[in-house]
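Below: one structure, written as structure tokens.
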């Protein structure tokens with residue numbers, strides 16, 4: 001047990017001592033690949049063009065631009081690393097494809113949804129030559145991460161936030177699977 005926890009635990013009445021509590025923390029981390037700009041007529045939602053007519057169409061028929069989450073497709077992929085280690089491999093990656101019209105409001109939504117600093121999106125998405133164009137992004141998500149983190153008490157005060165050690169990408173298979181997913185997103189001829 002973490003030495004800080006031992007000291008804290010001596011100050012708190014123990015009801016049930018479970019040494020493994022707080023360990024085995026897992027998270028489905030992901031990275032975004034794109035945008036891939038596509039030259040098509042309006043095939044993605046342009047938030048700036050939405051109006052009352054679109055709201056009424058959705059309210060009446062459940063259709064129109066507001067009738068979609070923006071998620072166009074999902075795929076579950078088994079990396080070569082998973083295939084090598086298991087006679088019956090299971091998918092270890094999930095791809096989620098989002099159609100987006102490149103605009104400042106989309107940058108705001110992506111910043112809020114994925115908690116990524118604005119500068120990253122401005123560098124990638126902003127640009128006069130791409131503004132207003134249709135595109136898609138792919139989220140490459142680790143479905144069954146091997147990396148394990150932990151959560152421990154920060155002190156005996158129950159109002160203190162716990163200490164979180166996510167330990168993302170500490171297992172080599174996680175890194176290899178995500179990198180392979182990125183490579184397939186970019187270089188897979190049938191995907192593009």
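No value in this document is a laboratory result; all are computed from the given coordinates. Every value quoted in this text rests on a predicted model; they were computed, and no experiment measured them. A quick note on method: Cβ atoms are made from the backbone with ideal geometry, for glycine too, and the neighbour counts reach across all protein chains shown.
Listing for the model above:
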| quantity | calculated |
| --- | --- |
| Residue order, fewest to most surrounding Cβ atoms within 10 angstrom, among 148, 18 | 18, 148 |
| Point-to-point label distance, residue 58-residue 75, nm (Cα→Cβ direction, 7 Å offset) | 2.8 |
